[in-house]
1. Kindly indicate which of A79, A93 is surrounded by fewer than 18 Cβ atoms within 10 Å (Cβ to Cβ), modelled with pLDDT of 95 or more and over 23 Å from A123 (Cα atoms).
2. Within region 70-100, take every residue that is of a type in the set (A, V, I, L, M, F, W, C) and assigned to a loop (DSSP other than H, G, I, E, B) and give me the one that is nearest to A51 (Cα to Cα).
3. If I filter region 38-59 down to residues being of a type outside the set (G, A, S) and in contact (Cβ under 8 Å) with a residue 40 or more places away in the chain, which single residue comes out as farthest from D127 (Cα to Cα)?
4. Which members of region 18-67 meet the condition of being in a strand (DSSP E or B) and of a type in the set (S, T, N, Q)?
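The values are calculated or read from the model by the stated rules, or taken from the named source; none is laboratory data. In this text the structure is predicted, and so the values were computed from the model without any measurement. Cβ placement follows ideal geometry from the backbone for every residue including glycine, while neighbour counts extend to all protein chains displayed.
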Amino acid sequence: MFKRNTQQTQPSTVQAVERITSVLGAGVIWQGNISGSGGVRIEGTFEGQIAMRGILVVGETGRVTCEKIRANTVIVAGAVRGNILAQKVEIRATGRIWGDVVTVSFATEEGAFLRGQVTMEDAVELDLGPESSDQSSVISDQSAVPQN
């Protein structure tokens, strides 16, 4: 009954907690590309392409317009106009998505809005290229180019 367990157990592998490494602030308007590894939180306005290994959080004040977002995890509390391809997608109560979602895991809170289709898959291929050891996000600025 109170016998000590003498069996040695293998320590389970724990996946590293995803964390935010870059923030696009509430007053920022950005056009360009976001790619790489790590976590990005968008509180401002972003227009362009997003393809990243890690977590993308669109905060309550965040506005994203993107043909297709590709990331491991996407959490939407703001507004997203575009399709999402991710391992895990969460739409918070204040979140709004206009576009289709392809994912393995999908969760919403009461009050969340989605205009589009949700396709659940056994696995999702993000096509992000080879994984690098660098854990930083790369943001490519195209907004500095004069537009005629």
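1. Values: A79 fails: surrounded by fewer than 18 Cβ atoms within 10 Å (Cβ to Cβ).
It is A93.
2. Residues of region 70-100 that are of a type in the set (A, V, I, L, M, F, W, C), as a first pass: 71, 74-77, 79-80, 84-86, 89, 91, 93, 97-98.
Pick out the ones that are also assigned to a loop (DSSP other than H, G, I, E, B) and you get 77, 93.
Details: A77: 19, A93: 25 Å.
My answer is A77.
3. Going through region 38-59, the residues of a type outside the set (G, A, S) turn out to be 40-43, 45-47, 49-50, 52-53, 55-58.
Retained after the next criterion (residues that are in contact (Cβ under 8 Å) with a residue 40 or more places away in the chain): 40, 52-53.
On the way: V40: 19, M52: 10, R53: 10 Å.
So, considering only residues that are of a type outside the set (G, A, S) and in contact (Cβ under 8 Å) with a residue 40 or more places away in the chain, the one farthest from D127 (Cα to Cα) is V40.
4. Residues of region 18-67 that are in a strand (DSSP E or B), as a first pass: 22-24, 29-42, 45-58, 63-67.
Matches in region 18-67: S22, Q31, N33, S35, S37, T45, Q49, T65.
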